[in-house]
Amino acid sequence: MLSKKLLSFILIICMVVAPPVKAEITCDTMYDILQPCLSYVLFGGSVPTDCCNRLKSLIASATTIADRQSACSCVKSVASRVTDEELSRAASIPGQCGASVPFKISPNVDCSKVW
């Protein structure tokens with residue numbers, strides 16, 4: 001019984017003392033990585049292979065909740081400033097690339113619910 005209490009106390013201390021997880025994926029990082037996707041989003045046509053490869057790489061590198069929520073916030077910010085056609089094309093990229101993005105590409109997505 002004492003060991004369970006001690007373990008609980010240690011876990012609480014670790015949670016209080018541990019620094020918060022900071023996202024390593026920033027909006028600048030995302031914009032740089034996804035640059036090959038921009039022409040498709042703006043003008044249509046076909047999704048470049050490099051866009052798909054980079055999107056999949058970005059998804060694979062978003063290993064923490066903080067990374068995924070940061071990526072979501074960046075996408076949400078951009079989504080609120082584009083036309084409906086551009087948003088539709090951007091939202092279609094994961095499906096065309098065979099990639100699964102853990103959030104909806106929308107200006108209304110709740111990024112706090114992304115895990």
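The values are calculated or read from the model by the stated rules, or taken from the named source; none is laboratory data. Quantities reported herein were computed from a predicted structural model and do not represent experimental measurements. Neighbour counts run over all protein chains shown; Cβ positions are idealised from the backbone, glycine included. For accessibility, only protein heavy atoms count, side chains too; no ligands or nucleic acids. Shrake-Rupley method; radii C 1.70, N 1.55, O 1.52, S 1.80 Å.
ILE93 passes every criterion in (1) open to solvent by 50 Å² or more (accessible area, probe 1.4 Å); (2) part of a helix (DSSP H, G or I) apart from (1).
Report yes if VAL47 is at pLDDT 95 or above, among the β-branched types (Val, Ile, Thr) and touching a Lys or Arg at 6+ places or on another chain (Cβ under 7 Å), otherwise no. Spelling it out, it is not the case that VAL47 is at pLDDT 95 or above, among the β-branched types (Val, Ile, Thr) and touching a Lys or Arg at 6+ places or on another chain (Cβ under 7 Å).
For region 37-56, which positions are closer than 17 Å to CYS27 by Cβ and touching a helix residue (DSSP H, G or I) at 6+ places or on another chain (Cβ under 7 Å)?
Of everything in region 37-56, those that are closer than 17 Å to CYS27 by Cβ and touching a helix residue (DSSP H, G or I) at 6+ places or on another chain (Cβ under 7 Å) turn out to be CYS37, VAL41, ARG54, LEU55.
Taking the conditions (1) surrounded by fewer than 15 Cβ atoms within 10 Å (Cβ to Cβ); (2) assigned to a helix (DSSP H, G or I); (3) modelled with pLDDT of 95 or more in turn, ARG54 satisfies each one other than (1). If the condition is being part of a loop (DSSP other than H, G, I, E, B) and under 14 Å from ALA99 (Cβ atoms), then region 57-75 contributes only ALA62.
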